[in-house]
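K.L.:
This structure is in structure tokens; I'll ask about it shortly.
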Amino acid sequence: MSRSAEPLVGLDIGTTKICVVVAEPTERGVEVTGIGTHPSKGLRKGVVVDIESTVDSIKHAVEEAELMADCEITSVFAGIAGGHIGGMNSHGVVAVKEGEVTENDLRRVIDAAKAVAIPMDREVIHVIPQEFVVDEQSGIREPLGMHGVRLEARIHIVTAAVASAQNIVKCANKAGLNVADIVLEPLASAEAVLAGDERDLGVCLVDIGGGTTDIAVFANGSIAHTSVLGLGGAHVTNDIAIGLRTPFEEAERIKKRFGVASPRYLKSDDAITVPSLGGRRPREVSRKTLCEVIEPRCEEILSLARDEIARRGLHERIPSGVVLTGGCSALCGIEELAEEIFEAPVRQGMPHRVGGLQDVLKSPMYATGAGLVLHGRGQVRRGTSRFRIRDESIFRRVRQRMRDWFYGEFA
């Protein structure tokens, strides 16, 4: 890595793991030079509940990534998730003052679209233009310089609980890190695993993490809907621990090694050894019994995701189907189960547009971390100024960052 430039670092603060991805920008994407992971003990359903434990986990993951990448990490792009995340679509209209769309017109129409009531305990973290309409001509992505008298903007607004976002920033600061940006995790994962033609045709990303399942629907090349479900892979592990009466850590190991999303997809019903609680002797359990414990929770997670899409009227807008990513999407048979539930084509999303440590990155568990560094590369290329979290209010800088992003994108 060139030491003249600061490395791009993604910090994925998950419910079950902390993941740090270090990369340097290249012509075609990013080159990953270091990865650090550490079990996460201070979060529940994507929300920080124990600051000291979270800080300790972040420090361990950062040290591992620094050692592998041979660099010092001072600034990160942090992901945010959790049930407190909310997404909404909005619409604004202004008159074009000079007969030609200018930057001032773009600013005014975005401000008009953002003029929605937001509770005091929530803050905007993303304002994403979906499309512009000039004199009833829709589907415009770059309206700057176009002639017209009426300009409309359709945008997607993502909000988060102020306290949850501040706690993520506080944990990073206490670990000795500045936060260059806060990014919604399903949007980051989408950067890493979705293809451009899928976004254009219409696709649903389902990121099944440890404590939450993040949903992002794309149509016509832009975001159409985001939401977060309070269920994830840790709930599957907990079911195994209760159903088979085994420690949680052993349940996680058994899930990864022997688990299948449904008994229907079992090729052989072998017996597995299950450690018992309290020093009791291990027991023999059939894999079919294990899968019968796993299946109801997997069906629940996927069914809730399907119902969320149907409730928003988006099922007909995803002809490309569903892309599963996140650590739990590596469970055997979950793609087949998802195809039955969604009644649509399903594939597993692996990080792409990233080079370097290919063997390590070939796992959906690194989708968010890889997406965060890709997001960081986009900010650097647009020339968006970074901020130091310790110097001024986080959300004032977030608002400034959104303005910088917008004018960098359409200038």
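The values are calculated or read from the model by the stated rules, or taken from the named source; none is laboratory data. The model shown is predicted, which means the values in this text are computed figures rather than measured ones. Glycine also receives a Cβ, built like all others from the backbone with ideal geometry; neighbour counts cover every protein chain displayed. Only protein heavy atoms, including side chains, enter the accessible area calculation; ligands, DNA and RNA are left aside. Shrake-Rupley method; radii C 1.70, N 1.55, O 1.52, S 1.80 Å.
K.L.:
Of Ala234, Ala216, Ala224, which residue is assigned to a helix (DSSP H, G or I) and not acidic (Asp, Glu)?
P.N.:
Values: Ala216 fails: assigned to a helix (DSSP H, G or I); Ala224 fails: assigned to a helix (DSSP H, G or I).
None of the other options fit; the residue is Ala234.
K.L.:
Within region 338-346, is there a residue that is over 14 Å from Cys19 (Cβ atoms), in contact with a helix residue (DSSP H, G or I) (Cβ under 8 Å, 6 or more places away or on another chain) and buried (at least 24 other Cβ atoms within 10 Å of the Cβ)?
P.N.:
yes
K.L.:
Oh, and also: Looking at this structure, is Glu316 in contact (Cβ under 8 Å) with a residue 12 or more places away in the chain and acidic (Asp, Glu)? Can you show your working first?
P.N.:
Numbers: in contact (Cβ under 8 Å) with a residue 12 or more places away in the chain: no; acidic (Asp, Glu): yes.
When the stated conditions are applied, Glu316 does not pass them.
K.L.:
Here is a check on your reading of the model: is Ala224 at pLDDT below 95 and open to solvent by 50 Å² or more (accessible area, probe 1.4 Å)?
P.N.:
no
K.L.:
Moving on. Which residues, taken from region 272-294, are farther than 17 Å from Gly209 by Cα and in a helix (DSSP H, G or I)?
P.N.:
First pass over region 272-294, keeping only residues farther than 17 Å from Gly209 by Cα: 272-293.
Correct list: Leu277, Gly278, Gly279, Arg287, Lys288, Thr289, Leu290, Cys291, Glu292, Val293.
K.L.:
Please verify whether region 277-289 includes one or more residues that are under 30 Å from Leu201 (Cα atoms), touching a residue at least 12 places away in the same chain (Cβ under 8 Å) and either open to solvent by 10 Å² or more (accessible area, probe 1.4 Å) or of a type in the set (Lys, Arg) (or both). Outline the logic, then answer.
P.N.:
The first filter runs over region 277-289 and keeps only residues under 30 Å from Leu201 (Cα atoms), leaving none.
Checking region 277-289: not a single residue is under 30 Å from Leu201 (Cα atoms), touching a residue at least 12 places away in the same chain (Cβ under 8 Å) and either open to solvent by 10 Å² or more (accessible area, probe 1.4 Å) or of a type in the set (Lys, Arg) (or both).
K.L.:
Does Ile242 count as surrounded by fewer than 21 Cβ atoms within 10 Å (Cβ to Cβ), hydrophobic (A, V, I, L, M, F, W, C) and either in contact with a Leu (Cβ under 7 Å, 6 or more places away or on another chain) or in a helix (DSSP H, G or I) (or both)? Before you say what the answer is, go through the steps one by one.
P.N.:
Details: surrounded by fewer than 21 Cβ atoms within 10 Å (Cβ to Cβ): yes; hydrophobic (A, V, I, L, M, F, W, C): yes; either in contact with a Leu (Cβ under 7 Å, 6 or more places away or on another chain) or in a helix (DSSP H, G or I) (or both): yes.
In short, yes.
K.L.:
Can you tell me which of Lys256, Lys267 is surrounded by fewer than 22 Cβ atoms within 10 Å (Cβ to Cβ), basic (Lys, Arg), out of contact with any helix residue (DSSP H, G or I) (no Cβ under 7 Å at 6 or more places or on another chain) and part of a loop (DSSP other than H, G, I, E, B)? Outline the logic, then answer.
P.N.:
On the way: Lys256 fails: part of a loop (DSSP other than H, G, I, E, B).
Just a single option satisfies the conditions, and that option is Lys267.
K.L.:
Before we move on, is Val169 in contact (Cβ under 8 Å) with a residue 60 or more places away in the chain, in contact with a Ser or Thr (Cβ under 6 Å, 6 or more places away or on another chain) and either more than 23 Å from Glu343 (Cα to Cα) or not polar (S, T, N, Q) (or both)? Can you show your working first?
P.N.:
Working: in contact (Cβ under 8 Å) with a residue 60 or more places away in the chain: yes; in contact with a Ser or Thr (Cβ under 6 Å, 6 or more places away or on another chain): no; either more than 23 Å from Glu343 (Cα to Cα) or not polar (S, T, N, Q) (or both): yes.
Considered against the rule, which asks whether it is in contact (Cβ under 8 Å) with a residue 60 or more places away in the chain, in contact with a Ser or Thr (Cβ under 6 Å, 6 or more places away or on another chain) and either more than 23 Å from Glu343 (Cα to Cα) or not polar (S, T, N, Q) (or both), Val169 comes out as no.
Let's see how each residue does on (1) at pLDDT 90 or above; (2) touching a Leu at 6+ places or on another chain (Cβ under 7 Å); (3) closer than 27 Å to Ala188 by Cα:
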position	(1), (2), (3)
Ile85	yes, yes, yes
Ser90	yes, no, yes
Val94	yes, yes, no
Glu98	no, no, no
Arg107	yes, no, yes
Ile110	yes, no, yes
Phe132	yes, yes, yes
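K.L.:
Restricting to region 111-129, give me the number of residues that are assigned to a strand (DSSP E or B) and without any contact (Cβ under 8 Å) to a residue 40 or more places away in the chain.
P.N.:
Start the filter on region 111-129 by keeping residues that are assigned to a strand (DSSP E or B), which leaves 122-129.
From what's left, without any contact (Cβ under 8 Å) to a residue 40 or more places away in the chain: none.
Result for region 111-129: 0.
K.L.:
Please tell me if Leu324 is open to solvent by less than 20 Å² (accessible area, probe 1.4 Å), part of a strand (DSSP E or B) and either in contact with a strand residue (DSSP E or B) (Cβ under 7 Å, 6 or more places away or on another chain) or more than 20 Å from Asp207 (Cα to Cα) (or both). Spell out the reasoning first.
P.N.:
Numbers: open to solvent by less than 20 Å² (accessible area, probe 1.4 Å): yes; part of a strand (DSSP E or B): yes; either in contact with a strand residue (DSSP E or B) (Cβ under 7 Å, 6 or more places away or on another chain) or more than 20 Å from Asp207 (Cα to Cα) (or both): yes.
Yes, satisfied.
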